[in-house]
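To start, the structure itself, in structure tokens.
The values are calculated or read from the model by the stated rules, or taken from the named source; none is laboratory data. Predicted model only: the values in this text are computed from it and were never measured. Backbone-built Cβ (ideal geometry, glycine too); neighbour counts: all protein chains shown. Just the protein is used for accessible areas: all its heavy atoms, side chains included, with ligands, DNA and RNA removed. Shrake-Rupley method; radii C 1.70, N 1.55, O 1.52, S 1.80 Å.
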Amino acid sequence: MHPQLSDKRIVCREFIQALDACHANNWARLTGGCNQEKDSLNMCLRKERVERSTRNRTQAKEKRLKTERAWKELHQDD
């Protein structure tokens with residue numbers, strides 16, 4: 001199972017439910033009948049991860065700029 005599926009804030013809920021429903025049928029699960037549902041879930045989770053990474057990267061750049069400004073102000077008096 002994907003680690004993202006255990007989060008409290010569940011994304012891609014409809015894809016997770018579709019894969020669970022498909023996995024209820026063991027024959028479909030074992031013969032590759034659930035591959036489309038799994039691929040859809042993977043794409044949804046990938047999209048969410050990329051969005052989260054982009055958001056984190058932007059926040060980190062802003063924080064670094066703020067820190068650099070603070071250091072410049074601190075060393076400005078030297």
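Values as computed for the structure displayed
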| quantity | calculated |
| --- | --- |
| Any pair with Cβ under 9 angstrom, 6 or more apart, that starts in region 47-72 at a residue that is open to solvent by less than 70 Å² (accessible area, probe 1.4 Å) and ends at one that is modelled with pLDDT under 95 | Glu48/Gln4; Glu48/Val11; Glu48/Cys12 |
| Tally of residues being modelled with pLDDT of 95 or more and not in a helix (DSSP H, G or I) across region 36-78 | 0 |
